[in-house]
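Colleague: Let me begin by handing over the structure; questions about it come next.
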Amino acid sequence: MTANLQGTLNLTGSQPDRHIYQMDKEKHEIALSTKELQVAYGNNVALQNADLSFERFKITSLIGASGSGKSTFLRSLNRMNDDVATVGGQIMYRGLDINSHDIDVYEMRKHIGMVFQRPNPFAKSISDNITFALKQHGMHDKKKLAEIVETSLKQAALWDEVKDDLKKSALSLSGGQQQRLVIARAIAMKPDILLLDEPASALDPISSSKIEDTLMELKKHYTIIIVTHNMQQASRISDYTAFFHAGEVIEYDLTRKIFTRPKVQLTIDYVNGNFG
Ligand SMILES: Nc1ncnc2c1ncn2[C@@H]1O[C@H](COP(=O)(O)OP(=O)(O)O)[C@@H](O)[C@H]1O
Ligand SMILES: [Mg+2]
């Protein structure tokens, strides 16, 4: 399913239609990259010099101790920090700097979706959770909406559990089911990139493992960037891992290298459980 990669991208008021996405046939295609990303909350610089490139259709984990800047980094990628922080540097997506002032943030978030730590379904039915934003964007074809509900729930591995009662309130689902519903809601928008901030940390081990399985399936269609403080989880599911410490990216490499042969002493200490 690569329909979301086709066509033109128009995220800005000032540069319409000039940025036609070219599907890169190279193996290491970059979906998103940051250049000298810096985030300050008032005088507190919470992130600096963050240069990371994220490979398409891979899972990248962001690990590091609490307060190291993982969420700050992730939230900046879809402009969630605009109101609370000063965000400098570039975030390149399909040839556009989506950190620039003339980006249509609302439009951009259709391409770069976000899932938070605590499941946050709307107090609506299961199907309405998924169709809500689509209707807001002007889609009213009932058959098409029903199709998207089904495919999104299937991709989020929730369909079998809810298909007989799609009108049931989302709030009646378990925490793990709610989180998969929120993932389904995000992918219904057909984003390119899915950002997840500790999506399984509030869940029991079985629900958490279902989320992991779901993400492994989803990477066939989406580029996934996930914050986790669970190193086992990072090593199980991710292709690449970036280690954050005190607001900087200390080391970024293939996950197996980070966990078996890290190069930097801070990373060695962290993955060996010496701090954090
Ligand atoms: N909304 C905010 N306002 C002020 N400071 C914040 C805010 N969010 C995070 N910070 C600060 O930024 C630093 C990094 O936090 P965060 O990105 O949440 O770390 P992590 O996700 O790695 O635990 C911390 O010092 C934290 O206190
Ligand atoms: Mg965090």
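The values are calculated or read from the model by the stated rules, or taken from the named source; none is laboratory data. Computed from a prediction, not measured in an experiment: that's the story for all the values here. Here the Cβ is made from the backbone with ideal geometry for all residues, glycine too, and neighbour counts use every protein chain on show. The protein model used for the area step is the full one, side chains on, heavy atoms only, and it has no ligands, DNA or RNA in it. Shrake-Rupley method; radii C 1.70, N 1.55, O 1.52, S 1.80 Å.
Colleague: Taking segment 77-91, which residues are away from ligand 2 (no atom under 16 Å from the Cβ) and surrounded by fewer than 17 Cβ atoms within 10 Å (Cβ to Cβ)?
Modeller: D82, D83, T86, G88, Q90, listed by residue number.
Colleague: Is it true that some residue in segment 66-76 is assigned to a strand (DSSP E or B), within 16 Å of ligand 2 (Cβ to nearest atom) and surrounded by 15 or more Cβ atoms within 10 Å (Cβ to Cβ)?
Modeller: No, because not a single residue in segment 66-76 is assigned to a strand (DSSP E or B), within 16 Å of ligand 2 (Cβ to nearest atom) and surrounded by 15 or more Cβ atoms within 10 Å (Cβ to Cβ).
Colleague: Considering only residues that are closer than 13 Å to M80 by Cβ and either within 16 Å of ligand 2 (Cβ to nearest atom) or over 15 Å from the mean Cα position of the chain (by Cα) (or both), which ones fall in segment 105-116?
Modeller: V105, Y106, M114, V115, F116
Colleague: When both residues are 6+ apart or on different chains and their Cβ atoms are under 7 Å apart, which pairs have a first residue that lies in segment 189-201 and is assigned to a loop (DSSP other than H, G, I, E, B), and a second that is within 15 Å of ligand 1 (Cβ to nearest atom) and hydroxyl-bearing (S, T, Y)?
Modeller: As it stands, the answer is E198/T228, since those pairs meet every condition given.
Colleague: Consider I98 carefully, then state whether it is touching a strand residue (DSSP E or B) at 6+ places or on another chain (Cβ under 8 Å) and more than 25 Å from I211 (Cα to Cα).
Modeller: Judged against the criteria, I98 is a match.
Colleague: Got at least one residue in segment 166-187 being open to solvent by less than 60 Å² (accessible area, probe 1.4 Å), out of contact with any helix residue (DSSP H, G or I) (no Cβ under 6 Å at 6 or more places or on another chain) and within 16 Å of ligand 1 (Cβ to nearest atom)?
Modeller: no
Colleague: Continuing with this model, one more query. Can you find even one residue in segment 111-132 that is at pLDDT below 95, surrounded by fewer than 21 Cβ atoms within 10 Å (Cβ to Cβ) and not in a loop (DSSP other than H, G, I, E, B)?
Modeller: Within segment 111-132, not a single residue is at pLDDT below 95, surrounded by fewer than 21 Cβ atoms within 10 Å (Cβ to Cβ) and not in a loop (DSSP other than H, G, I, E, B).
Colleague: When segment 151-182 is examined, which residues are found to be part of a helix (DSSP H, G or I), of a type outside the set (S, T, N, Q) and over 23 Å from M114 (Cβ atoms)?
Modeller: If the condition is that a residue be part of a helix (DSSP H, G or I), of a type outside the set (S, T, N, Q) and over 23 Å from M114 (Cβ atoms), then D160, E161 are the ones that fit.
Colleague: Output the number of residues of segment 45-65 satisfying the condition of being within 15 Å of ligand 2 (Cβ to nearest atom) and not β-branched (V, I, T).
Modeller: Here the count works out to 7.
Colleague: I'd like the residue in segment 251-276 that is at negative phi, of a type outside the set (F, W, Y) and part of a loop (DSSP other than H, G, I, E, B) and, out of all such residues, is surrounded by the fewest Cβ atoms within 10 Å (Cβ to Cβ).
Modeller: Restricting to residues being at negative phi, of a type outside the set (F, W, Y) and part of a loop (DSSP other than H, G, I, E, B), the top hit is N274.
Colleague: Kindly indicate whether L196 is more than 18 Å from the chain's Cα centre (by Cα) and closer than 23 Å to A133 by Cβ.
Modeller: For L196, the condition - more than 18 Å from the chain's Cα centre (by Cα) and closer than 23 Å to A133 by Cβ - is not met.
Colleague: Restricting to segment 63-79, and then to whatever is more than 8 Å from ligand 1 (Cβ to nearest atom) and touching a strand residue (DSSP E or B) at 6+ places or on another chain (Cβ under 7 Å), can you tell me which residue is nearest to P199 (Cα to Cα)?
Modeller: That would be I63.
Colleague: What number of residues within segment 216-250 are in a strand (DSSP E or B), more than 16 Å from ligand 2 (Cβ to nearest atom) and surrounded by fewer than 21 Cβ atoms within 10 Å (Cβ to Cβ)?
Modeller: 1
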